[in-house]
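Asker: Pasting a structure below so you can have a look.
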Amino acid sequence: MVRRRSLLVLLLIFGGATAFPQQAPAPVAYRVSFPEPEHRWMQVDITFPNLPPEPLQLRMSRSSPGRYALHEFAKNVFDVRATDAGGRPLAVTRPNPHQWDVTGHGGTARVAYRIFGDRVDGTYLGIDSTHAHINMPAAVMWARGLDDRPVTIRFQAPTGTAWRAATQLLPGADAMTFTAPNLQYLMDSPTELSDFSVRTFSAADVPNPPTFRLAVHHTGTDAELDAFAADVERVVREARLVFGEYPAFEGNAYTFIADYLLWASGDAMEHRNSTILTSASSIRANRLGLLGSVSHEFFHAWNAERIRPRSLEPFNFEEANMSGELWFAEGFTNYYEPLVLVRAGVTGVGDFAQGMAATINTVVLGPGRGLRSAEEMSQLAPFVDAATSIDRTSFDNTFISYYTFGEAIALGLDLTLRDRTDSRVTLDDYMRALWQTHGRPGGRRPGYVDNAYTMADLRSALAAVSGDAAFAADFFSRYIQGREAVDYRRLLGLAGLVLRPQAPGQAFAGELRLQDAQGRTRVAGAVPFGSPAYQAGLERDDIIISIGGTPVGSAGDVDRSIRQRRPGDTLPIVFERRGQRVDGTLRLVEDPRMALVPVEEAGQALTAAQRRFRDSWLRSSGSSP
Ligand SMILES: [Zn+2]
């Protein structure tokens, strides 16, 4: 080692002050071990070699790719130590809650710490005697300024376990050692260590077929997993038909990492060459729900991971990440989630229509649309995406999820394009155009996207695909940056789907969340803006005493007193607020919520034109290039 150092000195002399960055950078080396996994912590040892003389600024991330709120992962770190190459302790200071500064390292710093983690999902760290479920930003420290350093990471399974690794990290010196080309790729590479079950398949219908791995940590049977793997393969093949090709996965492999365990929290998170899928339910109990997550996250391999908003590229691990384009990155993905399932034959037209009805109801009827556009809803993600808030928020009334909002926009745009062109131009063409321009070209550095898109790019791509710039400008200004909703009833009618009242003639006071306790009925959630209950003055925490003169003793009483009236009826409502009696008047309306049903189920005949429209939209195009 001494010899090597003197060589470096020579290089410094001849190479001048810029010699360090021009060295082939030595990798940052991580070792992760589990002395007591049953106690839910792990040991991390990191060697940072070839450091410039400045203090080493070690960070724990505050955010995680695909998550937009702050998570403060530093809170779980303890027992931090740093030494130099000779094992001498180094001074560590804390300039802020997320950072450890190490001074006097002499070019190499070895850092060791322990970290606690007890949540199995797509964001956090979960360690127990059955596995280590590692989301990298929640688990590993990194150093500022070393983003382009390659990384090696070696996992040491607890003695006596059969733990292996499922990860998109690239293979290293042995089965438990992996590499990443840079920090962004490392942080994007969640890793499951356990005695999981594996199924693999390859998409042999394309040149240079990628390998798909399905690693499942669960308590179900092999037969259940075999059937599930066959379903996953159908979803994977169908998703490719939207874009015409698979992405060029790093390592030519894509890994589904699933933890279907009673002690997991339901979640799913996209990454470039893998996804984390977690659920407390099982394959047997929740096949369609789990396949929905598979469909959604795999679609993200194109849309979000490679067709990527410039606002999220590269991902900032030190701050909340805000994007006005999540209605597209998440919402359009949310639309293709059930669309790919119905095209793959996993679900039926009725299932698809039911999901779209829920989406239309939320977006068309939700009071939030009058207050914020889909772009503005997207920008709220740092406050709503797995965010915590001690004080109550107005979001029940002022927010509509960009997943749902964007899904409704995608539905409206797909149907509008099909209507304009007799189904010759569709949303698939739009997605493919964006793929060709923004996704397919990739990045010069692995894990990065060079031609990330902006809102203007999305608009001009729609102008190009539709051949009508005025149409694209109008659609964006009304439905995406404005607050209008598409005419779903007419457009869905083209496919022989009838959008009609869910409960015709039914009296309605607003969707109220009520809670019964000690013989009293309390309003337990926000009262929807503009609803009859809102106009009667009712608010959260009020106790309902009587409606129409009839005493209320339960939520069922409230429901009954409204259901036996007619839309247009007015009736007195008495409630208690902050210890005082309040009298109001309910003016009931007709239940505005819609159902979406195939015309065949509505007692009408599907016309030939409707069948053609519907088949072009909801059936697999099936042909492989
Ligand atoms: Zn998503």
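Asker: If you filter the range 559-605 for trypsin sites (Lys or Arg not before Pro), then keep DSSP loop positions with at most 14 other Cβ within 10 Å, what is left?
Answerer: When the trypsin sites (Lys or Arg not before Pro) of the range 559-605 are filtered for loop state and at most 14 Cβ neighbours within 10 Å, Arg578 remain.
Asker: OK, next. Starting with the highest mean, order 357-363, 463-469 by the number of other Cβ atoms within 10 Å, averaged over the residues of each peptide. Intermediate results must be reported in sequence, preceding the final value.
Answerer: Numbers: 357-363: 21.4, 463-469: 15.6.
Packing proxy ranking, top to bottom: 357-363, 463-469.
Asker: Taking square-rooted eigenvalues a ≥ b ≥ c of the alpha carbon gyration tensor, is the range 361-449 rounded, prolate or oblate, where a/c under 1.5 means rounded and, failing that, a/b exceeding b/c means prolate?
Answerer: Taking the square roots of the gyration eigenvalues as a ≥ b ≥ c, the range 361-449 is oblate.
Asker: Using alpha-carbon positions, what is the distance between the centroids of the range 154-206 and the range 446-516, in Å?
Answerer: 39 Å
Asker: May I ask you to order 426-435, 184-193, 97-106 by the average number of other C-beta atoms within 10 Å around their residues, highest value first?
Answerer: For the peptides 426-435, 184-193, 97-106, the packing ranking is 184-193, 426-435, 97-106.
Asker: Carbon and sulfur together cover what percent of the accessible area of the range 507-590 at a 1.4 Å probe radius? Spell out each step's value before the answer.
Answerer: Values: 2000 of 4580 Å².
Taking all protein chains in place, the range 507-590 shows 44 percent carbon and sulfur surface.
Asker: With the other protein chains left in place, how much accessible area per residue, in square angstrom, belongs to the range 535-625 at a 1.4 angstrom probe?
Answerer: Per residue, the range 535-625 has 58 Å² of solvent-accessible surface.
Asker: Could you tally the net charge around Ile400, taking each other residue with its Cβ under 13 Å from the Cβ of Ile400, Lys/Arg +1 and Asp/Glu -1?
Answerer: Numbers: positive: Arg369, Arg372, Arg483; negative: Glu330, Glu375, Glu376, Asp396, Glu407.
Local charge sum for Ile400: -2.
Asker: Give me the extension gain from Arg513 to Asp429: residue separation times 0.36 nm, minus the current Cα-Cα distance, reported in nm with one decimal.
Answerer: Length difference between fully extended and current span is 26.0 nm.
Asker: Hey, for a label at Gln43 modelled as a point 7 Å past Cα toward Cβ, could you say which residues of the range 77-112 have their backbone N under 20 Å away?
Answerer: 77-90, 109-112, by backbone N distance to the label point.
Asker: What does the accessible area per residue of the range 366-470 come to in Å², with a 1.4 Å probe and no ligands, DNA or RNA counted?
Answerer: Values: 4430 Å² over 105 residues.
The answer is 42 Å² per residue.
Asker: Set the Förster distance to 45 Å, then compute FRET efficiency between Arg420 and Phe395 from the Cβ-Cβ distance, nearest 0.05.
Answerer: It comes out at approximately 0.80.
Asker: Calculate, for Asp583 and Glu318, the FRET efficiency according to 1/(1 + (r/R0)^6) with r their C-beta to C-beta distance and R0 41 Å; round to the nearest 0.05.
Answerer: The calculated FRET efficiency here is 0.15.
Asker: Please give the length that would be gained between Ser129 and Gln57 if that part of the chain were fully extended, namely 0.36 nm times their separation in residues minus their C-alpha to C-alpha distance (nm, one decimal).
Answerer: The span from Ser129 to Gln57 would gain 22.6 nm if fully extended.
Asker: Expressed in nm to one decimal, what extension gain is obtained for the pair Ala91 and Thr161 from 0.36 nm per residue of sequence separation less their Cα-Cα distance?
Answerer: Residue separation times 0.36 nm, minus the Cα-Cα distance, leaves 21.5 nm.
Asker: Same structure, new question: Using per-residue counts of other Cβ atoms within 10 Å, averaged over each peptide, order 346-353, 407-414 from highest down.
Answerer: Result, highest mean first: 407-414, 346-353.
Asker: Separate question: Of the accessible area of the range 149-244, with the probe set at 1.4 angstrom, what percent is carbon plus sulfur?
Answerer: Solvent-exposed carbon and sulfur of the range 149-244 make up 54 percent of the total.
Asker: Here is a follow-up. R0 = 25 Å: FRET efficiency of Ser620 with Gln502, Cβ-based, nearest 0.05?
Answerer: Between Ser620 and Gln502 the formula returns 0.25.
Asker: What is the sum of charges around Phe352, taking Lys and Arg as +1, Asp and Glu as -1, for the other residues whose C-beta is under 11 Å from the C-beta of Phe352?
Answerer: With Lys, Arg at +1 and Asp, Glu at -1, the neighbours total 0.
Asker: For Ala248, which sequence-distant residues (separation of 5 or more, or a different chain) have an amide H within less than 5 Å of its own amide H, given hydrogens modelled in the peptide plane?
Answerer: The list, which skips near neighbours in sequence, is empty: none.
Asker: Could you tell me what percent of the accessible area of the range 329-455 is made up of carbon and sulfur, with a 1.4 Å probe and every protein chain present?
Answerer: 48 percent
Asker: With every protein chain left in place, what is the accessible area per residue of the range 25-194 in square angstrom, probe 1.4 Å?
Answerer: Roughly 36 Å² per residue, with all protein chains present.
Asker: Now, a different point. Count charges around Val92 for me, please; just the other residues with Cβ under 10 Å from its Cβ, Lys/Arg as +1, Asp/Glu as -1.
Answerer: Counting the neighbours of Val92, the net charge comes to +1.
The values are calculated or read from the model by the stated rules, or taken from the named source; none is laboratory data. Since the model is a prediction, treat every value here as computed from it, not as a measurement. Please note: Cβ atoms are built from the backbone with ideal geometry, for glycine as well, and neighbour counts cover all protein chains shown. Heads up: the accessible areas ignore ligands, DNA and RNA and are worked out on the full protein's heavy atoms, side chains in. Shrake-Rupley method; radii C 1.70, N 1.55, O 1.52, S 1.80 Å.
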